[in-house]
Amino acid sequence: MTNKTSNLLLIGAIILIVVLTLYFFPNAEFMGADGLAEDYITESQPDYKPWFSNIWEPPSGEIESLLFSLQAAIGTGIVAYVIGYYKGKKKAV
Amino acid sequence: MKKLLVLLAILSPIPAFSMHIMEGFLPAFWSMFWSVVYLPIFILGFRKIKQLLVEKPELKLLLALATAFAFVLSALKLPSVSGSCSHPTGVGLGALLFGPWVMSVIGVLVLLFQVLLLAHGGITTLGANAFSMAFIGPVFTWLIFSLANKLGMNKKVAVFLAVFVGNMATYICTSAQLAFAHPDVINGVTTAFYKFVSIFGLTQIPIAIIEGLLTVLVLNLLSDHVPMRFDFLSQYKKRS
């Protein structure tokens, strides 16, 4: 199996996992929040109070999405750049 | 009543935290403890990177790639079978390319970004989170791959397993850290540990699988084009 085939299969598998999850659990909330882990701790230890709070929090879900997207985008850009660089270098040889 | 709550907690699809302990959720003692434990690991990692860049400056680009990969994966909120979302870590790739020590620094970079800009994880929990994600995870990834390699396993399968186990090891470590800090009031640390593991375990499995698949994907792309002299990659290509 060539790498190309292998890669396509891998991408396919990843998409499949995500799609199937969303398909089989249409009513799940898919909350990502760390919030309910906090809830769990406060349930079992009602006296515990976090003693430090975040220096800064994104003012809204939208801004949070922006920052996550930026993080993913910049990271992907660098990954693609490096792969492309080596691909080009190989061709030039 | 407590047992009922626990049962409900285990059975209901509770949103998982993405393996990072939230700001302020480690009592001061534990916060200090993990920070102190982690510091030498960080310093060692820092020295290793310096040494690496001096000896093999051509690795700079790959290092950037490993860092960027960790950045991307940490930003992906993936839905999971437990009905919640979680993030992969992305440190597996770097751990395989460079060894676990280097990741101790890179992981901290990713964590800092997420703490300062996304209120994800915390400064007081940085040591603990780094220990699980930037040390334990990479170490297990590295160990499992070395083992699988010795057993003659197909390289791609070995990578997948190594990254999968590393991801799970990270979250198990985090569960342990939380259990030490928040032992069950009646039954102590062990019970709390099992509770955390069982609550968050199911969520992590598909995430770890996806991370494994993504890592193999990127390694495939790299091994096609990056010159053979990069040790890990040349080995990877030889017997895939």
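The values are calculated or read from the model by the stated rules, or taken from the named source; none is laboratory data. Predicted model only: the values in this text are computed from it and were never measured. Note that we place each Cβ from the backbone using ideal geometry, even for glycine, and neighbour counts take in every protein chain shown.
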Can you run down the residue pairs with Cβ atoms below 6 Å, 6 or more apart or on separate chains, where the first is in segment B:25-46 and within 24 Å of A:PHE52 (Cα to Cα) and the partner is among the β-branched types (Val, Ile, Thr)? B:LEU26/B:THR125; B:SER31/B:THR124
From the list B:ALA130, B:ALA169, B:ALA148, pick out the single residue that is more than 14 Å from the chain's Cα centre (by Cα) and in a helix (DSSP H, G or I). B:ALA148
Segment A:55-68 residues that are hydroxyl-bearing (Ser, Thr, Tyr), paired with ones that are surrounded by 12 or more Cβ atoms within 10 Å (Cβ to Cβ) (beta carbon under 9 Å, 6 or more apart): A:SER65/A:PRO58
Selected residue (only one of B:LEU96, B:LEU39, B:LEU65 is within 19 Å of the chain's Cα centre (by Cα), under 19 Å from A:SER69 (Cα atoms) and part of a helix (DSSP H, G or I)): B:LEU65
Which members of segment B:105-124 meet the condition of being more than 14 Å from chain A (Cβ to nearest Cβ) and over 14 Å from B:HIS20 (Cα atoms)? B:VAL105
Per-region count, segment A:1-18, residues surrounded by fewer than 16 Cβ atoms within 10 Å (Cβ to Cβ) and farther than 18 Å from B:ALA208 by Cβ: 8
Quick one: is B:ALA176 modelled with pLDDT of 90 or more and either part of a helix (DSSP H, G or I) or within 14 Å of chain A (Cβ to nearest Cβ) (or both)? yes
Condition (residue is buried (at least 24 other Cβ atoms within 10 Å of the Cβ), part of a helix (DSSP H, G or I) and either more than 9 Å from chain A (Cβ to nearest Cβ) or among the polar types (S, T, N, Q) (or both)) applied to segment B:186-204: is it met by at least one residue? yes
For segment B:74-104, how many residues are of a type in the set (A, V, I, L, M, F, W, C), buried (at least 24 other Cβ atoms within 10 Å of the Cβ) and at the interface with chain A (Cβ under 8 Å from one of its Cβ atoms)? 1
So if I check each of A:ALA37, A:ALA72, which one is at pLDDT 90 or above, at the interface with chain B (Cβ under 7 Å from one of its Cβ atoms) and either in a loop (DSSP other than H, G, I, E, B) or more than 26 Å from B:GLU58 (Cβ to Cβ) (or both)? A:ALA72
Test: A:PHE52 is at the interface with chain B (Cβ under 8 Å from one of its Cβ atoms), modelled with pLDDT under 85, more than 25 Å from the chain's Cα centre (by Cα) and under 28 Å from B:THR174 (Cα atoms): yes
Residue among B:VAL157, B:VAL105, B:VAL163 that is in a helix (DSSP H, G or I), more than 23 Å from A:PRO58 (Cβ to Cβ), β-branched (Val, Ile, Thr) and in contact with a Phe, Trp or Tyr (Cβ under 6 Å, 6 or more places away or on another chain): B:VAL105
When residues of segment B:63-73 are limited to those that are small (Gly, Ala, Ser) and at the interface with chain A (Cβ under 7 Å from one of its Cβ atoms), the one nearest to B:ALA134 (Cα to Cα): B:ALA68
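Conditions tested, residue by residue: (1) among the hydrophobic types (A, V, I, L, M, F, W, C); (2) modelled with pLDDT of 90 or more.
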position: B:THR124; (1), (2): no, yes
position: B:ASN129; (1), (2): no, yes
position: B:VAL157; (1), (2): yes, yes
position: B:LEU161; (1), (2): yes, yes
position: B:ASN167; (1), (2): no, yes
position: B:VAL189; (1), (2): yes, no
position: B:LEU202; (1), (2): yes, no
position: B:ILE210; (1), (2): yes, yes
position: B:LEU213; (1), (2): yes, yes
Scan segment B:125-145 and give yes if some residue there is crowded, with 22+ Cβ neighbours inside 10 Å, closer than 28 Å to B:GLU23 by Cβ and at the interface with chain A (Cβ under 10 Å from one of its Cβ atoms), otherwise no. yes
